[in-house]
Structure formats: structure tokens, C-alpha cells
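Engineer: Questions regarding the structure given below will be posed in turn.
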Amino acid sequence: MALKAQVLYDFTAETGNNELTVREGETVTVVNQSVGGGWIEAQNSSGQTGLVPEGYLQELPVLLAAVEDDDDEWDDDWDDQSVGGYHGDSQGDGEDGASGRGTHTPSVKISLNRFPFSKGPSPEVFLLAKAPANSRDRLPVYMGEVGPVWLYPSTPLDCVIADPKKESKLYGLKSFIEYQITPSMTNRAVNHRYKHFDWLYERLQEKFGSALPIPSLPDKQVTGRFEEDFIRSRMERLQAWMTRMCRHPVVSQSDVFQLFLTYRDEKEWKTGKRKAEKDETVGPMIFCLIEPEATELDAVEVEQRCEQYSRFTKLMDDGVKELLNVGNTHWKRCTGPLPKEYERIGRAFSNLSAVFSSSKYPGEETLTEALTAAGKTYEEIAEIVAQQPQKDLHFLLETNGEYKGLLGCFPEIIAVHKAAIDKVKEGDRLVSAGKISNNDRKTLNHRISCMSYTLQAEMNHFHSNRIYDYNRVMQRYLEEQVTFYQQIADKLRGALSQFTTL
């Protein structure tokens, strides 16, 4: 069945750009969703084909029903380890959504009420769209000491992920790991599988991805999913991801995130899922909810701030990657060649002690015993060195890994702002060409200002968290390093005391 969509807003094609003129309320057939750059190739009822901004189209209700039916199947099966319909390695399909699954894989997986923005969000739909009537979801931006800031909840949200259990269904044919999540606001535990975290990520990315950095979940894995070390590592990283989401004043208070933490039964969970999947304010439309208390910004100032944040995030991304490379190299050395060097030194001292003992020379027992003790000391130091990265470097690298994920979101966020800035720059030409009115031109200026306040509030949140996180992790790293070198120094002093002063 061909994919049908309804046109949400009028769009006039420009000559020579292979675009298609469409009118609000018109029904078109989607020819190609993979064009990229924020465009969809569509065909109108007259058979004419061309490009239309993806944010201007909405899937028809008939298709929605079909996709929801598929979603029921996805909700039950896609992340399980199943023997039904699968041919090949027993761990080839499972909780992590790996390729090679059998007949339970749904045929489509797309946004339930508009085309996905992940291929290049276009801000045009926001710049000239009608603001939603519902004011309950408004996102105020206030002026603080550092500039625009989000409204932070009076009681910070937190959650604890614990007690991972292997569960099964269909008489043991399907297996999965279920985690217990306890939010601070209710202190009542809810249970989720990895696929539910994946669903939450997709919803947050779709809704907020044009404005806020939503870092990816821990990497998916096919084999070894039920091994104890993997479960512990995944739970630790899911905890870090959820903690970061809990700390965000916009994400943590959103309906979809609250649903994830507070649902009471399966009916409430599925009803909430359907509502979230039909959310209208997704992609660039999220900016319609922004309400800055400050005055409208000049377009030139907006562009300057955008460039400033673009430069900073790029430089920080380079710095984070460098530290990750250096840290990983050091980790490999501490767990590989460096302990072996200490072991070789220790064995050399012990061997020399054995040689001295063979002389049977009177009065040298003290020396040979001291040499043996020194050899044992260096072997003990080798073990301390090998264990040390897990005590200090681990947390430093994990924090940098989190920030690498966050920083990886900013190029797309910045691209949305730059595209909007370019469109606003065309305002005068569009007015002259009769494509927009003077009132539309004023709307463009107002809305690009809202987008800038959003970016500034998010960058201030990012900087605040960055200072807190790096201050905390560096303190922990250096404290562990001090303890590490004190241990080595104490052992060397002990070895030194074995030798007599001549």
C-alpha cells in the first residue's frame, strides 16, 4: 500500500529546485522518504512529483492504525530471545534489536504522526506555523545571572536502577533482562526492559532532539547479554543515562519521561505510549512551546551566539576525544605491559637473591632476605598497577564518554538554528516576492529569537553540569591517584627498611 500523507501547510515551489507546490489539507502520496536534508518526495493527485518539506506532511489516520497494530507486535517481541521464526545462532536475535531476527520483526518503524526529523530537521515548519492552543506544556525561559535559563523544579528528580533479573515468557522460549527503577518522587519501583529504554530514547529524541542534546543509550550487544559482567556494566551505564535525563529540567518534567518512571499498570503504560507517539510538538515544533521572558533578540546577535556555541562544542568535542584516546591507551598499558615490567623487576631481584644465597658466605642472610622481600614487593606493585584503572580511570573515561555523546548531538542542533537563521535572512526577499507577508516577517524574527533563547538556556544548563561533573570526577580521580601512589610508596619504604645501613 502506498504511503499517504496530508499537507499541514501551504508550500509554494521555487522554480528549478524540483519542488512540488501543495496546499493545506491536500492528500499526497509519499514517493521517497529517504531524500534527506529535511525533504520528502511526494506525488499529488494530478501525478506531479516533487520535493516537499517533511515537516509539512502528516501521515493519514488509516496508516496510523496500521502502524499501531505493528507497534503492538513490536512491543511484545522485538527485544526477546526467541526460537520462533529464527534460523541461525541462538543468540543472533534478542533484547538489543540486532539484525537477523525472525518473523517477529515489524515491517515498518516510523514516527506515528509525522515524518522523522533525524534525516535533517527543517525549522521552516516552526517559523511560520500556528502556535498550539494548549498552554499546559509551555516551556518558560527566565533571565538568570548567566543569561537565559530553564525553570528548574523545586525538588530535583533522581532514580535508582537495581535488581536486574532474567525473565522469560512463552514457556521460556523468550528471555530478557528486566531492571527495577525507583524514582525519588514516588519511591515506588517500576520495571523496564532494555527495549523500553530504547523506546524512551526514541521519543525523547523525536520530541526534543532539535533543541536539546539527547545522548544515545549504551551500545547494543548481541552475544553475552546474560553474562553477569555485561548486565552490571549495562545497568551502570543506564543509570548514568537516566541520571543525566533526571537532571534536565525540561526532559525530566515531560509527560513521556514521567510516564516511564510512574506508570502503575500495563494499561496506563500502553495508553501513555500511544499518547506520546501521537505528540504534535516534536522536532522543530518544540520551539512553539518556548516562552522567553526577555525582549526579542536581534537576528545578528542570534547568529553570533550560534557561532559561539558551535565553536565551543567543536573544541570541547576534540578535547574530550583526545582525553578518551589518551586514557584508553594508558588503561591498556596499566593492565598490560606495565605490570609485566614490575613483575620482571621483582623476579630479577629474587633471582639475584638466590644467586647470593648459593655462595654460602657467612653474614649475608640479611641481604638475601632483603632482596627477596624487594622482589616480592615489586610483584605486589604489579598487581596494584593492574587494578588501579578500574578505581580511578574508569570514572574519568565514563564521564568523558557521556560528554562525547552529548557533544555529538550539538552539530544537528546547531544546524537547525543555522537553517532558521538563513531562512530569516531571506525574509525581505520573500516579502518582496509575495511569498510571505510583513506580519509573517515579524513572526520570523520573533520565533528565531525564541530559538536563540532555547539554545542559550540549554548551553547554560550544559555549562553548569559540565563544571559540576568535571569538578567531581577530577576530584575522585586525583584522590584515587594519591591513594595509589601512597600504597606504592608505603610498600617501597617497607622494602627499604629491610636493608641494613653500612
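Engineer: Here's a check for you: in the stretch 350-362, which residue that is assigned to a helix (DSSP H, G or I) and open to solvent by 70 Å² or more (accessible area, probe 1.4 Å) is nearest to Ile384 (Cα to Cα)? Lay out the reasoning, then the answer.
Structural biologist: First, the residues of the stretch 350-362 that are assigned to a helix (DSSP H, G or I): 350-357.
Now restrict to residues that are open to solvent by 70 Å² or more (accessible area, probe 1.4 Å): 351-352, 355.
Numbers: Asn351: 22, Leu352: 24, Val355: 28 Å.
Taking the candidates together, the pick is Asn351.
Engineer: Something else: Looking at the stretch 381-424, which of its residues are more than 21 Å from the chain's Cα centre (by Cα) and open to solvent by 50 Å² or more (accessible area, probe 1.4 Å)? Spell out the reasoning first.
Structural biologist: Start the filter on the stretch 381-424 by keeping residues that are more than 21 Å from the chain's Cα centre (by Cα), which leaves 381-393, 418-424.
Correct list: Glu383, Gln387, Gln390, Lys391, Lys418, Asp422.
Engineer: Going through Ile436, Ile421, Ile488, Ile448 one at a time, which residue ends up being over 17 Å from Leu128 (Cβ atoms) and not hydroxyl-bearing (Ser, Thr, Tyr)? Spell out the reasoning first.
Structural biologist: Numbers: Ile436 fails: over 17 Å from Leu128 (Cβ atoms); Ile421 fails: over 17 Å from Leu128 (Cβ atoms); Ile448 fails: over 17 Å from Leu128 (Cβ atoms).
Criteria check complete, one pass: Ile488.
Engineer: Considering only residues that are at pLDDT below 90, more than 24 Å from Asp317 (Cα to Cα) and not basic (Lys, Arg), which ones fall in the stretch 195-232?
Structural biologist: Listed by number, the residues that qualify are Gln221, Val222, Thr223, Gly224, Phe226, Glu227, Glu228, Asp229, Phe230, Ile231.
Engineer: I need the strands (runs of 3 or more DSSP E) fully contained in the stretch 145-207, keeping only those with at least 3 residues that are under 23 Å from the mean Cα position of the chain (by Cα) and touching a residue at least 60 places away in the same chain (Cβ under 8 Å). Before you say what the answer is, go through the steps one by one.
Structural biologist: Values: elements: 147-150, 159-169, 174-183, 190-193.
By residue number, 159-169, 174-183, 190-193.
Engineer: Can we say Glu369 is open to solvent by 70 Å² or more (accessible area, probe 1.4 Å), over 49 Å from the mean Cα position of the chain (by Cα) and in contact (Cβ under 8 Å) with a residue 24 or more places away in the chain?
Structural biologist: Values: open to solvent by 70 Å² or more (accessible area, probe 1.4 Å): yes; over 49 Å from the mean Cα position of the chain (by Cα): yes; in contact (Cβ under 8 Å) with a residue 24 or more places away in the chain: yes.
When the stated conditions are applied, Glu369 passes them.
Engineer: What number goes with the only condition from (1) open to solvent by 70 Å² or more (accessible area, probe 1.4 Å); (2) touching a strand residue (DSSP E or B) at 6+ places or on another chain (Cβ under 8 Å); (3) modelled with pLDDT under 80 that Lys4 does not pass?
Structural biologist: (3)
Engineer: How many residues are within 15 Å of Leu212 (Cβ to Cβ), hydrophobic (A, V, I, L, M, F, W, C) and in a helix (DSSP H, G or I) when one looks only at the stretch 241-286?
Structural biologist: 7
Engineer: Within the stretch 188-198, can you find the residues that are more than 15 Å from Gln258 (Cβ to Cβ) and of a type outside the set (A, V, I, L, M)? Spell out the reasoning first.
Structural biologist: Narrowing the stretch 188-198 to residues more than 15 Å from Gln258 (Cβ to Cβ): 189, 191, 193-195, 197-198.
If the condition is that a residue be more than 15 Å from Gln258 (Cβ to Cβ) and of a type outside the set (A, V, I, L, M), then Asn191, Arg193, Tyr194, Lys195, Phe197, Asp198 are the ones that fit.
Engineer: Taking the stretch 32-53, which residues are open to solvent by less than 30 Å² (accessible area, probe 1.4 Å), touching a strand residue (DSSP E or B) at 6+ places or on another chain (Cβ under 9 Å) and modelled with pLDDT under 80?
Structural biologist: Of everything in the stretch 32-53, just one residue is open to solvent by less than 30 Å² (accessible area, probe 1.4 Å), touching a strand residue (DSSP E or B) at 6+ places or on another chain (Cβ under 9 Å) and modelled with pLDDT under 80, namely Gly38.
Engineer: Looking at the stretch 142-177, which of the residues that are closer than 16 Å to Ser233 by Cα and at pLDDT 90 or above is surrounded by the most Cβ atoms within 10 Å (Cβ to Cβ)?
Structural biologist: For the stretch 142-177, the residue satisfying everything is Ile161.
Engineer: Quick test for you: out of Tyr470, Tyr378, pick the one residue that is over 25 Å from Leu338 (Cβ atoms) and part of a helix (DSSP H, G or I). Even if it seems obvious, please write down each step before you answer.
Structural biologist: Values: Tyr378 fails: over 25 Å from Leu338 (Cβ atoms).
Within the list Tyr470, Tyr378, the selection yields Tyr470.
Engineer: Within the stretch 466-494, take every residue that is of a type in the set (A, V, I, L, M) and over 14 Å from Ile384 (Cβ atoms) and give me the one that is least open to solvent (accessible area, probe 1.4 Å).
Structural biologist: Checked the stretch 466-494; the qualifying residue least open to solvent (accessible area, probe 1.4 Å) is Val473.
The values are calculated or read from the model by the stated rules, or taken from the named source; none is laboratory data. Since we're looking at a predicted model, the values are computed, not measured. Please note: Cβ atoms are built from the backbone with ideal geometry, for glycine as well, and neighbour counts cover all protein chains shown. Each accessible area value is taken on the protein alone, full model and side chains, heavy atoms only, with ligands, DNA and RNA left out. Shrake-Rupley method; radii C 1.70, N 1.55, O 1.52, S 1.80 Å.
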